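Asker: My questions will all concern the structure given below.
The values are calculated or read from the model by the stated rules, or taken from the named source; none is laboratory data. Because the structure is a prediction, the values reported are computed rather than measured. Ideal geometry is used to build each Cβ from the backbone, glycine not excepted, and the neighbour counts take in all protein chains shown.
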There are 4 protein chains.
Amino acid sequence: MSNQNPVFIPGPTNIPDRLRLAMQVQTQDHRAPDFVETFSPVLEDTKKVFGTKEGKIITFPASGTGGWEASVTNTLSPGDSVLVARYGMFSHRWIDLCQRHGLDVRIIECPWGSGAPADKFAEALAADKEHKIRAVLVTHNETATGVRSDIGAVRGAMDASDHPAMLFVDCVSSLASMPFEFDGWGVDIAVSGSQKGFMLATGMAILCVSPKALAAMETAQLPRTFFDFRDMMNANASGGFPYTPPLQLIYGMRESLKMLFEEGLNNVYARHFRLAEGVRKATAAWGLELVAQSPELYSDTVSAIYVPDGFDSNALTDHAFNAYGVSFGIGLGEMNGKAFRIGHLGSLTDVMVLSGLATIEMAMADLDYPIKLGSGVAAAQEYFRTSSATPMQSAA
Amino acid sequence: MSNQNPVFIPGPTNIPDRLRLAMQVQTQDHRAPDFVETFSPVLEDTKKVFGTKEGKIITFPASGTGGWEASVTNTLSPGDSVLVARYGMFSHRWIDLCQRHGLDVRIIECPWGSGAPADKFAEALAADKEHKIRAVLVTHNETATGVRSDIGAVRGAMDASDHPAMLFVDCVSSLASMPFEFDGWGVDIAVSGSQKGFMLATGMAILCVSPKALAAMETAQLPRTFFDFRDMMNANASGGFPYTPPLQLIYGMRESLKMLFEEGLNNVYARHFRLAEGVRKATAAWGLELVAQSPELYSDTVSAIYVPDGFDSNALTDHAFNAYGVSFGIGLGEMNGKAFRIGHLGSLTDVMVLSGLATIEMAMADLDYPIKLGSGVAAAQEYFRTSSATPMQSAA
Amino acid sequence: MSNQNPVFIPGPTNIPDRLRLAMQVQTQDHRAPDFVETFSPVLEDTKKVFGTKEGKIITFPASGTGGWEASVTNTLSPGDSVLVARYGMFSHRWIDLCQRHGLDVRIIECPWGSGAPADKFAEALAADKEHKIRAVLVTHNETATGVRSDIGAVRGAMDASDHPAMLFVDCVSSLASMPFEFDGWGVDIAVSGSQKGFMLATGMAILCVSPKALAAMETAQLPRTFFDFRDMMNANASGGFPYTPPLQLIYGMRESLKMLFEEGLNNVYARHFRLAEGVRKATAAWGLELVAQSPELYSDTVSAIYVPDGFDSNALTDHAFNAYGVSFGIGLGEMNGKAFRIGHLGSLTDVMVLSGLATIEMAMADLDYPIKLGSGVAAAQEYFRTSSATPMQSAA
Amino acid sequence: MSNQNPVFIPGPTNIPDRLRLAMQVQTQDHRAPDFVETFSPVLEDTKKVFGTKEGKIITFPASGTGGWEASVTNTLSPGDSVLVARYGMFSHRWIDLCQRHGLDVRIIECPWGSGAPADKFAEALAADKEHKIRAVLVTHNETATGVRSDIGAVRGAMDASDHPAMLFVDCVSSLASMPFEFDGWGVDIAVSGSQKGFMLATGMAILCVSPKALAAMETAQLPRTFFDFRDMMNANASGGFPYTPPLQLIYGMRESLKMLFEEGLNNVYARHFRLAEGVRKATAAWGLELVAQSPELYSDTVSAIYVPDGFDSNALTDHAFNAYGVSFGIGLGEMNGKAFRIGHLGSLTDVMVLSGLATIEMAMADLDYPIKLGSGVAAAQEYFRTSSATPMQSAA
């Protein structure tokens, strides 16, 4: 029924027992008081994870893609301009979604492995004297390349050009794993999901929306019903839902928030940094390179690692799965065949990470990679055992 | 954590243990072979429940409302005409959705408690000489009034007028509980969900789409990405998903189909008829009236029951919940305050139904309804014990 | 995998979701600090349910029968005399166990349906001038007949004759459902189990032992190792176990105690009385008789009900199971064929009880019992709806 | 609620999801046909794991210690002689149990780390001209030292001296993980439990009993009731239990047997050998010594490893738990402080084993052991990746 080994894909993540049990709740009447008393505090507590007091939490029974769609259909009209940089698969897909919805998408092409180019955003915004650009769209953590972008710098560029565009951020694979400052960075819509840092099953898009973005709803002409912010907010105001709510995920979310707060958000972020750093030490020990171009871009939730010239990353991830029953992330888009990915987010311990490193080493050895068995593991062990004076806290 | 009493809302339904366990699956890599081998047969087997060989099954991680939205955005363009009859809350909401998406909605107003008016559809279609009407939208089972419409008769009306419009059917609260003939009735899109007859958690819209509707995709201009049939079909073709799939629901769906086929679809339908008939016997014994206007309209999944003049149905359902911990369906829309509903679909036995009848009797007595304690129960008992020569089969 | 209908056997009882989840804990090292921190408070809190400050809680991974065996092997020697009254299957079995262990068992035969005869105990003890009788053994709640005995009266008889015998009480099917006063009644060993009032899976014998009984350990010559109090107490003293502990049941016990304390023990007892009284009202409405001879003997956890002359209770319980999928208790021992039993203990609501009553009515009608459908249900409904000013509290 | 890391204690073992779900079954009536139909095939299938056609399977809701007790109380009388060798904690405890039950225990003292001394058994049996020795007791897998004894050789010794004693074997920590030949080795009673190779929760003692041992029941004078073979066999004959059965464990056992047979018993044994061999390669790479004195004694389910002189094995296992959240077996009895143990039985993959090796390496490094980080891991990786042409089969 299930593999016993953890998965090392960058989401959905390993679900801890505590959350599997929390999601096992039997059907309840979502129009009854119990649901109201459960749901409203969940919305309130989720704000803390986004780092907001001003923002409004809006959830949909959908995946992150649905969250992207909600962000544009609720705030924009056909023909509106948006500014986006493309530097990976997920920024690419968001661009595609905007184009299909009839938006004028101004694309800044960047090499994969780089992050959001604040300077080029600044140029483009400065050039947009008529303020046609209604929104700047940024992928905080580009899951395909293991790159984290500096959202604060993008906000700085927008402020410098005194441009009124809204700032939309995809934080699907970063929220609840790396620091996020919705208010501090002046984000207008942030889009996340249940199946990454929240360690739950897939099925809930989780958005945070600023008052400015809410105001944009009034004039937005793109059609929407399922993803309509107004219907959801009206229903939520009295603790309800405009249609059948994903009860199990909402109960799961309540417990997930408890787990995150029990560990402490800063400890959660520190743990992700520590696990990621262990993977990076191993990568260096193997003599391999990260796709992320420089340390300030390193993601703490996923590492994309180039295979040596002449090797095929797909053969590696296939072999790891078939020979050892362990799933790693494949190379997506431009990285297909060139890089594999180690997801290290969610409910994970250093012991689990070491098992992933040991596995990929075996797989590499089997395929005659020029690496030494145990070398990456040893580098990560040395880092793990010396990097923390206090006991490793597991998330569960 | 959960009430021990069953719910008698018309969905989401009581989840049997077997499905709760099936949905408890740990995270797996949805790009790995296991998922492919699980998902494709699920799609194939679902066809049997819709009664189709020609249709294509398409699922989305969303609620039934999302399924409605997918049906129109994938096949229609702004300004297209659709024909709909309004005779309850759910037909009303589909109308609203169409209007928000810029369609020309031709509405036939019908009294709540009636069903789809095949004759009036025939008239409207005959009058539409230019074939502007692109689709006829029908709610098979109007959950608000407990009315089942005759889809075959609607198809007959369409055929009689030789009109090329597509036929879209909402079977959210009827599929897998009452007979459905996608091919036989010439349906073009049928929309259902995971949380009713399939006895699962909320979170998956399940559609069946005819070749004719698929062809309409090519010219449809309404924007869509999350709900795009093409993306989903392309990904499904190789066993994948265009974004993160709702893994737990897909494993749940696999087990749900097994349960339905083990019981036998005809036995499932017979069981629902039998449970519904027991509720109707009780209603008669209480001297109360169904909202459904005549026997051929009676739904086998939900009964909406008028409270006597001078009583408030909301007070009744509130009291049943507060005093006895049992949830019944409230009166929706026009029926608010006038009728309560007993959901009797999904994983349910006659024993469970009797507990619901006994409970609502106590609640009615507490509120001084002119009913006799035990009278409805006795009528249902008499029916249950004499209506079946063979042992009652539970769904679990 | 499981029936959806509740069981109405007098244990094991319906396990509430909350406890099923609590028992689903993954393997942990029972020699690690977590286990110690879990187990010791469980032992301490269990005292409250027994009503003791002086007693010691000792558990074994076994059934209640194992608990009986532990009570005698730890305190008695071959040839020791014990005094017991036989008035049902469970008092009978305890007698049998004592005989097999070479004890001199002085049996007072009583009619089934009566309780512990304090007056006859008094006589026997008074006659035992040499104090050969080492222990008086009493079944608090005789599950076979639905009779609760007055333990305080037995203690009174012992005190009146100033006899130093110990008092051993089987409270397997009463503890955590009906009041129990270990200290107040001067009990020396009370034996219970996990699968009745504690609402857990079968597998843990739970004993409470007085200082006097602990002292008797020192001279007891009956052999024992698995059930040795000393080994268990020594290991427990440091939070451990002398062999592998039943981890899942211990975690379940922790949650069970939380549930009992959240509801409040007095409320738990009141709920059991109320449910039992509803069943008794129904029995009277059917014109049937309880096996328990008089009201002060009525058990609040199980009712044994005589079938009319000429009927076979086994046919009734078989039919209820086969035709309706509901389990009732069969007639045991002398009551075989003559009485059926309705268990009404553990995690149960009045709504659930009504479903049991409705079911047995159908089964009786099917077998041509002279009863009126709905009559027992109506009597219980009337009692349930008027007996409590406050909302029914479910145990879960 | 639970650690995410696997445990490496030699039982209870990591419970695979499939079995956790199987054990989550709701209460059912154990007197109903469903239980009968479940339980009888479980008894029958268990024979295959013991390697018997002649033996009778008898289970008790107890731990392995209870199984030991059942083996002697059902077949022996006070004063009977038994022959045992003491070479570890578990042989020691069985001896203690026999002494407490008034048996004449003839003990052959052996160094810890050695196995059952067939030659010395032969001597003792040959010297017992009067055939006073009623049974020879052997621990197949001494969990405290990681030593597997040669049961066939013991049988050979018994046969050589033509001695009629029965042969009792403790296979608690070997059954379903290492080959066992009940019939082939002429075993009379074999004692195991649910929580090791069967991968279930603790709580069921599982015995296999030969016709010869069953015949001994007739004359055995040791008292027993809870553990009485006759009561259990009589009840089992009609699919029942003499008291409340551990329903959840029986359903778990059914699924466990399915899993074992799906993998294939020989594959299960091969997997355990392979995992054990990986641990032994690591041990050698660290320069450490096994407690087991020679390769033919190596256990495939647990390795006991001496720490270097001057180190304390308790400090090591404590540190591994406190710093990394991983449980290893402590040194028991004579090995306390001198050796730690790595359990490698049950539901385990090579990936999981590598995580255990990586963890203990970190712990050793933290405590200044003279070992090189990654060295043991590399040795095991090299072995794992080259030792199997086919994909690693996980048990789940």
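Asker: Going by the conditions given, is B:Ala304 within 11 Å of another protein chain (Cβ to nearest Cβ), crowded, with 22+ Cβ neighbours inside 10 Å and touching a strand residue (DSSP E or B) at 6+ places or on another chain (Cβ under 8 Å)?
Answerer: Details: within 11 Å of another protein chain (Cβ to nearest Cβ): no; crowded, with 22+ Cβ neighbours inside 10 Å: yes; touching a strand residue (DSSP E or B) at 6+ places or on another chain (Cβ under 8 Å): yes.
No, not satisfied.
Asker: What's the total number of residues in segment B:83-127 that are touching a residue at least 40 places away in the same chain (Cβ under 8 Å) and away from chain A (no Cβ under 14 Å)?
Answerer: Count: 13.
Asker: Which one is surrounded by the most Cβ atoms within 10 Å (Cβ to Cβ), of the residues in segment D:41-75 that are modelled with pLDDT of 95 or more and of a type in the set (Ser, Thr, Tyr)?
Answerer: Checked segment D:41-75; the qualifying residue surrounded by the most Cβ atoms within 10 Å (Cβ to Cβ) is D:Ser71.
Asker: State the number of residues belonging to segment D:54-81 that are within 21 Å of D:Pro164 (Cα to Cα) and in contact (Cβ under 8 Å) with a residue 60 or more places away in the chain.
Answerer: Filtering segment D:54-81 down to residues within 21 Å of D:Pro164 (Cα to Cα) leaves D:54-56, D:68, D:70-81.
Remaining after also requiring in contact (Cβ under 8 Å) with a residue 60 or more places away in the chain: D:54-56, D:68, D:70-78.
Matching residues across segment D:54-81 total 13.
Asker: Name the residue, out of C:Thr13, C:Thr73, C:Thr52, C:Thr65, that is farther than 15 Å from C:Gln195 by Cβ, at the interface with chain D (Cβ under 10 Å from one of its Cβ atoms) and of a type in the set (Ser, Thr, Tyr). So that I can check it myself, show each step before the final result.
Answerer: Details: C:Thr13 fails: farther than 15 Å from C:Gln195 by Cβ; C:Thr52 fails: at the interface with chain D (Cβ under 10 Å from one of its Cβ atoms); C:Thr65 fails: farther than 15 Å from C:Gln195 by Cβ.
Going through C:Thr13, C:Thr73, C:Thr52, C:Thr65 in turn, just one is farther than 15 Å from C:Gln195 by Cβ, at the interface with chain D (Cβ under 10 Å from one of its Cβ atoms) and of a type in the set (Ser, Thr, Tyr): C:Thr73.
Asker: Quickly run through segment C:214-230 and pick out the residues that are in contact with a Lys or Arg (Cβ under 9 Å, 6 or more places away or on another chain) and facing chain D (nearest Cβ under 9 Å).
Answerer: Hits for segment C:214-230 are C:Pro223, C:Arg224, C:Thr225, C:Asp228.
Asker: Further question: Read through the list (1) within 11 Å of chain A (Cβ to nearest Cβ); (2) within 18 Å of the chain's Cα centre (by Cα), then give the number of the only condition that B:Pro78 fails.
Answerer: Among (1) within 11 Å of chain A (Cβ to nearest Cβ); (2) within 18 Å of the chain's Cα centre (by Cα), the lone unmet condition for B:Pro78 is (2).
Asker: Here is a follow-up. Applying the selection to segment C:201-229, what residues are in contact (Cβ under 8 Å) with a residue 60 or more places away in the chain and basic (Lys, Arg)?
Answerer: Filtering segment C:201-229 for residues in contact (Cβ under 8 Å) with a residue 60 or more places away in the chain gives C:201-211, C:213-214, C:216-217, C:219-224, C:226-229.
Listed by number, the list holds a single entry, C:Arg224.
Asker: Looking only at segment A:350-363, which residues are more than 15 Å from A:Val279 (Cα to Cα) and more than 7 Å from chain D (Cβ to nearest Cβ)?
Answerer: Step one: filter segment A:350-363 for residues more than 15 Å from A:Val279 (Cα to Cα), giving A:362-363.
Selection gives A:Ala363 alone.
Asker: Continuing with the same structure: Quick one: count up the residues across segment D:115-152 that are in a strand (DSSP E or B) and in contact with a helix residue (DSSP H, G or I) (Cβ under 7 Å, 6 or more places away or on another chain). Walk me through it before giving the result.
Answerer: First pass over segment D:115-152, keeping only residues in a strand (DSSP E or B): D:133-139, D:141-142, D:147-148.
This time we only want the ones that are in contact with a helix residue (DSSP H, G or I) (Cβ under 7 Å, 6 or more places away or on another chain), so: D:133, D:136-139, D:142, D:147-148.
So the count comes out to 8.
Asker: Next question, about the same structure. So, in segment D:253-276, how many residues would count as being outside any helix (DSSP H, G or I) and at negative phi?
Answerer: Within segment D:253-276, the first condition is being outside any helix (DSSP H, G or I), and the residues that meet it are D:264.
When the remaining residues are screened for being at negative phi, the result is none.
Qualifying residue count for the region: 0.
Asker: Oh, and also: Among the residues of segment C:229-263, count how many are closer than 27 Å to C:Thr75 by Cβ and not β-branched (Val, Ile, Thr). Please lay out each step first, then the result.
Answerer: In the first step, residues of segment C:229-263 are kept if they are closer than 27 Å to C:Thr75 by Cβ; the result is C:229-246, C:249-250, C:253, C:257.
Those left that are additionally not β-branched (Val, Ile, Thr): C:229-243, C:245-246, C:249, C:253, C:257.
Final tally of qualifying residues: 20.
Asker: Which one of these does B:Val326 not meet: (1) outside any helix (DSSP H, G or I); (2) aliphatic (A, V, I, L, M); (3) more than 11 Å from every other protein chain (Cβ to nearest Cβ)?
Answerer: The single condition B:Val326 does not satisfy is (3).
Asker: May I ask you to say which residue of C:Gly337, C:Gly331, C:Gly343 is out of contact with any His (no Cβ under 7 Å at 6 or more places or on another chain) and on the phi > 0 side of the Ramachandran plot?
Answerer: Numbers: C:Gly331 fails: on the phi > 0 side of the Ramachandran plot; C:Gly343 fails: on the phi > 0 side of the Ramachandran plot.
Answer to the check: C:Gly337.
Asker: If you don't mind, there's one more thing I want to ask. Being in a loop (DSSP other than H, G, I, E, B), among the small types (Gly, Ala, Ser) and touching a residue at least 40 places away in the same chain (Cβ under 8 Å) narrows it down to one residue among C:Ser355, C:Ser347; which is it? Give the derivation first.
Answerer: On the way: C:Ser355 fails: in a loop (DSSP other than H, G, I, E, B).
Testing whether each residue is in a loop (DSSP other than H, G, I, E, B), among the small types (Gly, Ala, Ser) and touching a residue at least 40 places away in the same chain (Cβ under 8 Å) leaves just C:Ser347.
Asker: Can you go through D:Ser375, D:Ser313, D:Ser355 and tell me which one is modelled with pLDDT of 95 or more and buried (at least 24 other Cβ atoms within 10 Å of the Cβ)? Quick ask: steps written out before the conclusion?
Answerer: Values: D:Ser375 fails: buried (at least 24 other Cβ atoms within 10 Å of the Cβ); D:Ser313 fails: buried (at least 24 other Cβ atoms within 10 Å of the Cβ).
Result: D:Ser355 is the single residue among D:Ser375, D:Ser313, D:Ser355 that is modelled with pLDDT of 95 or more and buried (at least 24 other Cβ atoms within 10 Å of the Cβ).
Asker: Going by what's in this entry, would D:Arg93 be described as in contact with a Phe, Trp or Tyr (Cβ under 9 Å, 6 or more places away or on another chain) and of a type in the set (D, E, K, R)?
Answerer: The answer is yes for D:Arg93.
Asker: Taking into account only those residues within segment C:236-254 that are more than 10 Å from every other protein chain (Cβ to nearest Cβ) and either modelled with pLDDT under 95 or in contact with a Leu (Cβ under 8 Å, 6 or more places away or on another chain) (or both), which is surrounded by the most Cβ atoms within 10 Å (Cβ to Cβ)?
Answerer: C:Gly252
Asker: Are any residues in segment B:167-196 within 14 Å of chain A (Cβ to nearest Cβ) and more than 18 Å from A:Gln248 (Cβ to Cβ), and if so, which ones? Talk me through it step by step, then tell me what you get.
Answerer: Step one: of segment B:167-196, the residues within 14 Å of chain A (Cβ to nearest Cβ) are B:170, B:172-173, B:191-196.
Answer for segment B:167-196, where residues must be within 14 Å of chain A (Cβ to nearest Cβ) and more than 18 Å from A:Gln248 (Cβ to Cβ): B:Asp170, B:Val172, B:Ser173, B:Val191, B:Ser192.
Asker: Moving on. Which numbered condition in (1) under 27 Å from D:Asp228 (Cα atoms); (2) more than 14 Å from chain D (Cβ to nearest Cβ); (3) surrounded by 18 or more Cβ atoms within 10 Å (Cβ to Cβ) is the only one that C:Met233 fails?
Answerer: Answer for C:Met233: the failing condition is (3).
Asker: Restricting to segment A:16-27, name every residue that is over 29 Å from A:Leu354 (Cα atoms) and either more than 7 Å from chain B (Cβ to nearest Cβ) or crowded, with 24+ Cβ neighbours inside 10 Å (or both). Before the answer, list the steps.
Answerer: Filtering segment A:16-27 for residues over 29 Å from A:Leu354 (Cα atoms) gives A:24-27.
A:Thr27 - this is the single residue of segment A:16-27 that is over 29 Å from A:Leu354 (Cα atoms) and either more than 7 Å from chain B (Cβ to nearest Cβ) or crowded, with 24+ Cβ neighbours inside 10 Å (or both).
Asker: Looking at segment D:273-289, can you tell me whether even one residue there is free of Cβ contacts under 8 Å to residues at least 12 places away in the same chain, over 18 Å from D:Pro6 (Cα atoms), away from chain C (no Cβ under 14 Å) and surrounded by fewer than 18 Cβ atoms within 10 Å (Cβ to Cβ)?
Answerer: Looking only at segment D:273-289, we keep the residues that are free of Cβ contacts under 8 Å to residues at least 12 places away in the same chain, and these are none.
No, segment D:273-289 contains no residue that is free of Cβ contacts under 8 Å to residues at least 12 places away in the same chain, over 18 Å from D:Pro6 (Cα atoms), away from chain C (no Cβ under 14 Å) and surrounded by fewer than 18 Cβ atoms within 10 Å (Cβ to Cβ).
Asker: Moving on. Given the structure, is A:Phe198 assigned by TED's automatic domain parsing to the domain that holds A:Thr52, over 21 Å from A:Ala122 (Cβ atoms) and touching a Cys at 6+ places or on another chain (Cβ under 6 Å)? Explain how you work it out, then say what you get.
Answerer: Values: assigned by TED's automatic domain parsing to the domain that holds A:Thr52: yes; over 21 Å from A:Ala122 (Cβ atoms): yes; touching a Cys at 6+ places or on another chain (Cβ under 6 Å): no.
No: the conditions fail for A:Phe198.
Asker: Regarding C:Gly88, is this residue touching an Asp or Glu at 6+ places or on another chain (Cβ under 8 Å) and buried (at least 24 other Cβ atoms within 10 Å of the Cβ)?
Answerer: Working: touching an Asp or Glu at 6+ places or on another chain (Cβ under 8 Å): yes; buried (at least 24 other Cβ atoms within 10 Å of the Cβ): yes.
Yes; evaluated as a whole, the condition is true for this residue.
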